[in-house]
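Okay, so here's the structure we're looking at.
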Amino acid sequence: MALPTDDNADTASSTSTYVHKLPEPFTTSDLVVLTQGAEGLVYRTTFLTPNTPCVLKYRPPKPYRHPTLDKRLTKARLLAEARVLVKCRREGLQVPAVLGGDWEDGWLALEWVDGRTVREVLDIWVHKLGMRARDGKPDETTGGASEGDVEAQKKEQEERLWEMMRKVGRAVGRLHEIGVCHGDLTTSNLMIRHERSTQPSSQPSTENVRPRGRQTVSTMREAAMNGEGPPQYPSADATSRSNEPEDLLEGAIVMIDFGLATQTVQDEDRAVDLYVLERAFTATHPAAEHLFQEAMRVYGETFKGAKKVLKRLADVRLRGRKRTMIG
Amino acid sequence: MATVRTIVLPHYPSYPIHVCMFKDVSNAAFLRSQLLEANPDFDYAFLDAAMILSPQHLLSAAFLALHCTQVARAKTRTAHSELVFRLHPNNNIGESYRKFGISDKTSALIAVKLALKPETTAQVVAEHLGEHVKGESADPGEALEHVGMWCDVGKVRKMYKLEGVGEPKKGKRGAIVNGNASDMDERKEMESVITGIITLKGS
Ligand SMILES: Nc1ncnc2c1ncn2[C@@H]1O[C@H](COP(=O)(O)OP(=O)(O)OP(=O)(O)O)[C@@H](O)[C@H]1O
Ligand SMILES: [Mg+2]
């Protein structure tokens, strides 16, 4: 199955062998492709008002699945995602608001989070500052000088990174506390909201968005190592955004992509969530293991049963290792 | 002539939405009777302004009303009744009209006209409502930013069961998301849950 790319997505003129028909009322003219995964397409567009940016998640019909079954599955999954998001917002958690949707047609419109994924930000950190693999401290060789104020500056920068991890631990803890497991807790499903302090009225518009291809962790790491610079981001508003790594770490942690979320209070489910997160962090950079431990320390203090979940995480980790040893 | 503001929803450019606001309305009973008689000249959504929190609140219901009409999945007779129906969290049409529609005593009114036909212009709406609504016309604002000015936030909170949402102190722990929660933050937080509830309604 060939998915349309942004230049051939026009349903009428495309030469692609299989092209999705966008659900009513959407047309390609006002959508910008963000990602195209196996499950569906993610676009950036506007919703309700011309200056309300939004994310449109569309799960097109799967031609290889029985139509009735396909419709039912799509509907159930989108509904589950929307319900969990609304539950989270009710509880004051930082997740995108649900702005609209149509389960029959397979789409969901979500509030646009202005910011970057934790994965993107960590990659910038790895790239710009350089980090010693063992302890996550800034690398002396890339930093250069060993002056007192340079040291102090590094310490401060480091502290911001640790603070970000604490926020991650707290966010995941709150999620589990209200009885939700994310189901796909990777670093690309965690965003850091960009605090818009200078221009509160400037609204990002659709034109400014550069579409971006998907990049795997390894290609991003490779790019970072080769000094090719950070990947392209859907820059919402170039003028109000900073590329300074420090600034990227400011702002609330927003959890996104609840497509696999479940409403559960089982320690096993919670521990698996943490395990997935741990794997995602350690895949970014070996130093991230220490950072992850800081997130877990804070997680452990977030709600009553959290310490028990951390114990369970040790079991899950062990099982995970055994599985990879056998497999 | 009443002040009318016209909004074009993204993705539905052919169906503009005209909005008027009135205060000190003295003939709500007459307007309501026209709805009950299904007088085609009074095909509007007449809303109790106390129940509308913000532009996003109103427009999420308007979008879905329009959308359901367009894809032939509406649950009620007209696009306007669908709008009133869509605002209520539950599936009872009568209850939707009782809570969000006008009563004989309503004095602050929001009138919405979904322009399904091109001849339904802002001018036509302004003249018609100006002639038939006995009350003082108010400006909803270019982006409908004043549409929530007569809102009874407590009533809306109760309607959607939003105890604690966006409230700075006595709320649940999660409510302290932004530190100093002003009235705007409170409404924003409520609105972000409400658009979700409206979207999920009936499913
Ligand atoms: N609310 C949002 N605001 C801003 N960007 C978003 C938002 N939701 C998603 N994105 C961007 O789009 C990407 C894909 O979104 P998401 O993970 O929700 O979709 P998905 O179809 O489940 O993708 P995948 O299965 O590949 O994870 C995210 O990694 C993020 O970069
Ligand atoms: Mg994702």
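The values are calculated or read from the model by the stated rules, or taken from the named source; none is laboratory data. None of the values given here were measured: they were computed from a predicted structure. Using ideal geometry, Cβ is built from the backbone for each residue, glycine included, and neighbour counts are taken over all protein chains shown. These accessible areas exclude ligands, DNA and RNA; they are computed on the full protein's heavy atoms, side chains included. Shrake-Rupley method; radii C 1.70, N 1.55, O 1.52, S 1.80 Å.
Taking the Cα centre of the stretch B:5-153 as the origin and placing charges on Cβ (Lys, Arg +1; Asp, Glu -1), which of B:Ser26, B:Gly135, B:Ala62 is farthest toward the positive end of the dipole?
Among B:Ser26, B:Gly135, B:Ala62, the one farthest towards the positive end of the dipole of the stretch B:5-153 is B:Ala62.
Please work out how much accessible surface A:Phe26 shows to a 1.4 Å probe, ignoring ligands, DNA and RNA, in Å² rounded to 10.
It works out to around 10 Å².
How far apart, in nm, are two points set 7 Å out from the Cα along the Cα-to-Cβ line at B:Lys105 and at A:Glu159?
5.9 nm
Considering the dipole of the stretch B:5-153 built from charges on the beta carbon (Lys and Arg +1, Asp and Glu -1) around the Cα centre, which of B:Pro16, B:Thr78, B:Ile110 is farthest to its positive end?
The listed residue farthest towards the positive side: B:Thr78.
At R0 = 25 Å, how high is the FRET efficiency between B:Asp24 and B:Lys155 if r is their beta carbon distance? Nearest 0.05 is fine.
0.80
Rounded to a whole number, what is D in µm²/s for the stretch B:3-80 from Stokes-Einstein with the Kirkwood radius over alpha-carbon pairs (4 °C, 1.567 mPa s)?
After rounding, the answer is 92 µm²/s.
To the nearest hundred square angstrom, how large is the accessible surface buried between A and B, total for both chains, probe 1.4 angstrom?
2800 Å²
If R₀ is 22 angstrom, what is the calculated FRET efficiency for the pair B:Asn90 and B:Ala38, using the beta carbon separation as r and rounding to 0.05?
The pair B:Asn90/B:Ala38 has a calculated efficiency of 0.40.
Say each of B:Glu127 and A:His66 gets a label point 7 Å from the Cα, pointing the same way as Cα to Cβ; how far apart are those two points in nm?
Output for this residue pair reads 5.9 nm.
If you line up the long axis of helix B:183-200 against the longest principal axis of chain B, both from Cα atoms, how many degrees apart are they, to the nearest 10?
70 degrees
Find the accessible area per residue for the stretch B:5-153; the probe is 1.4 Å, ligands and nucleic acids are left out, and the unit is Å².
41 Å²
Given the protein chains as shown and a 1.4 Å probe, how many square angstrom of B:Ile93 are accessible, to the nearest 10?
Accessible area of B:Ile93: about 70 Å².
With +1 on each Lys and Arg Cβ and -1 on each Asp and Glu Cβ, how big is the dipole of the stretch B:5-153 about its Cα centre, in debye rounded to the nearest 20?
520 debye
Residue-wise, which Karplus ³J(HN,Hα) couplings in Hz belong to the stretch A:285-292, taking 6.51 cos²θ - 1.76 cosθ + 1.60, θ = phi - 60°, and x for glycine or proline?
My calculation for the stretch A:285-292 gives 6, x, 5, 5, 4, 5, 4, 4 Hz in order.
Shape of the stretch A:254-327 from its Cα gyration tensor (a ≥ b ≥ c, root eigenvalues): rounded if a/c is under 1.5, otherwise prolate when a/b > b/c, or oblate?
Since a/c stays below 1.5, the shape of the stretch A:254-327 is classed as rounded.
What distance in nm separates the simple spin-label points at A:Asp149 and A:Arg319, each placed 7 Å from Cα in the Cβ direction?
In this crude label model, A:Asp149 to A:Arg319 measures out at 5.4 nm.
Sort the stretch B:5-153 into rounded, prolate or oblate with this rule: let a ≥ b ≥ c be the square roots of the eigenvalues of the Cα gyration tensor; rounded if a/c is under 1.5, and if a/c is not under 1.5, prolate when a/b is larger than b/c, oblate otherwise.
rounded
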